[in-house]
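The values are calculated or read from the model by the stated rules, or taken from the named source; none is laboratory data. The structure displayed is predicted, hence computed values, not measured ones. Methodologically, a virtual Cβ is constructed for each residue, glycine included, from the backbone with ideal geometry; neighbour enumeration extends over all protein chains shown. Protein only, heavy atoms only, side chains kept; ligands, DNA and RNA dropped before computing areas. Shrake-Rupley method; radii C 1.70, N 1.55, O 1.52, S 1.80 Å.
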Amino acid sequence: MAEKREIKRVYLGLGSNLGDRVENLRSCIRILTSCKSVRLSEVSGVYQTDPVGYKRQPQFLNAVVRIETALTPKDLLSLVQKIEKTLGRKRTIRWGPRTIDVDILLYGGEEIDEPGLMIPHPRIYDRRFVLLPLKEIDPDLTFPDGRHIDEVLDALGKQQFVERLDGLSLV
Ligand code: X6L
Ligand code: MG
Ligand code: MG
C-alpha cells in the first residue's frame, strides 16, 4: 500500500489574454476536474482586468479556483505546467500575453520557498486580479502571515482595473 498523504486545500489563479479567453479558462478547469488526484470545490466568477507588469498587451480574464488534493506542491506544479503546455502556452516575452497561466496561490497554510516554487505566490498580495476572485470564493480567508484578505485589499487601494463580468460561468 502506498503511503496516504494529507489532503490540502489549494487555490489556483487562472489567467488568459490570448485566443478564446473564456474557452481557455473553461478548458483548464475541465482538465483539472478530469484529474483523479484533484477535487474541484469552488470556482470564482470571471474578471476582466487590465494587464499588470507589461502593459502593452490585451486585457486579461482572471479567475480563481479552489481544489482539494493530496498532490505534493512539486507534483501539483508539474500538473499545472502540463496543463499550460496542453493549452498552447508559449514562453515568449516575460510577463507577456499567454493563452493560459495557472499559478499556485496558496497550498494549505504552508509557506514554501524552493527554487522555482514559492508559496504563497510572491506577488499575490499586490494583485487585485487575484485578491478579488479569492475573496469571492472565501470572504474570510487569512494568509499564512496571519493577515485577513480585507486588510490586504485595503492596503492595496484601487489602482488596478478589475471588473467582474456578470452572467459568465466557467463550469
Ligand atoms: C513592477 C514590475 C510592478 C513588474 C509589477 C506585476 C510583473 C505582475 C508581472 C510587475 C509585475 C506580473 C497577469 C497580468 C501578468 C494576469 C493581469 C504578473 C505576470 N499576468 N495582468 N500580468 N492578469 N491583469 O493574470 O502577474 S504577467
Ligand atoms: Mg504563472
Ligand atoms: Mg501569473
Of the residues Gly45, Gly53, Gly88, which is on the phi > 0 side of the Ramachandran plot and touching a Ser or Thr at 6+ places or on another chain (Cβ under 9 Å)? Gly88
Please specify each residue of the range 5-51 satisfying the condition of being among the acidic types (Asp, Glu) and in contact with a Cys (Cβ under 9 Å, 6 or more places away or on another chain). none
Pairs needed: first member in the range 15-33, over 21 Å from Leu131 (Cα atoms) and more than 16 Å from ligand 3 (Cβ to nearest atom); second member anywhere, outside any helix (DSSP H, G or I) and of a type outside the set (Phe, Trp, Tyr); C-beta distance under 6 Å; at least 6 residues apart or different chains. Gly19/Thr99; Ser27/Leu87; Leu32/Val38; Leu32/Leu40; Thr33/Leu40
Selected residue [touching a helix residue (DSSP H, G or I) at 6+ places or on another chain (Cβ under 8 Å) and closer than 26 Å to Arg21 by Cβ] from Leu141, Leu165: Leu141
For the range 21-53, enumerate the residues that are outside any helix (DSSP H, G or I), polar (S, T, N, Q) and surrounded by fewer than 20 Cβ atoms within 10 Å (Cβ to Cβ). Ser37, Ser41, Gln48
Filter the range 72-93 down to the residues that are closer than 19 Å to Tyr107 by Cβ, more than 13 Å from ligand 3 (Cβ to nearest atom) and in contact with a Cys (Cβ under 9 Å, 6 or more places away or on another chain) and list them by number. Leu79, Ile83
Being open to solvent by 10 Å² or more (accessible area, probe 1.4 Å) and more than 15 Å from ligand 2 (Cβ to nearest atom) narrows it down to one residue among Arg66, Arg89, Arg98; which is it? Arg66
Going through the range 70-129 in order, the residues found to be of a type in the set (D, E, K, R) and either within 11 Å of ligand 1 (Cβ to nearest atom) or touching a Lys or Arg at 6+ places or on another chain (Cβ under 7 Å) (or both) are Arg89, Arg94, Arg98, Asp101, Asp103, Arg123, Asp126, Arg127, Arg128
Listing of helices (runs of 4 or more DSSP H) fully contained in the range 55-171 that carry 1 or more residues being free of Cβ contacts under 8 Å to residues at least 12 places away in the same chain: 73-86, 149-156
Could you tell me whether any residue of the range 122-129 is open to solvent by less than 20 Å² (accessible area, probe 1.4 Å) and more than 12 Å from ligand 2 (Cβ to nearest atom)? no
Could you check, for the range 4-15, whether at least one of its residues is farther than 29 Å from Gln159 by Cα and buried (at least 18 other Cβ atoms within 10 Å of the Cβ)? yes
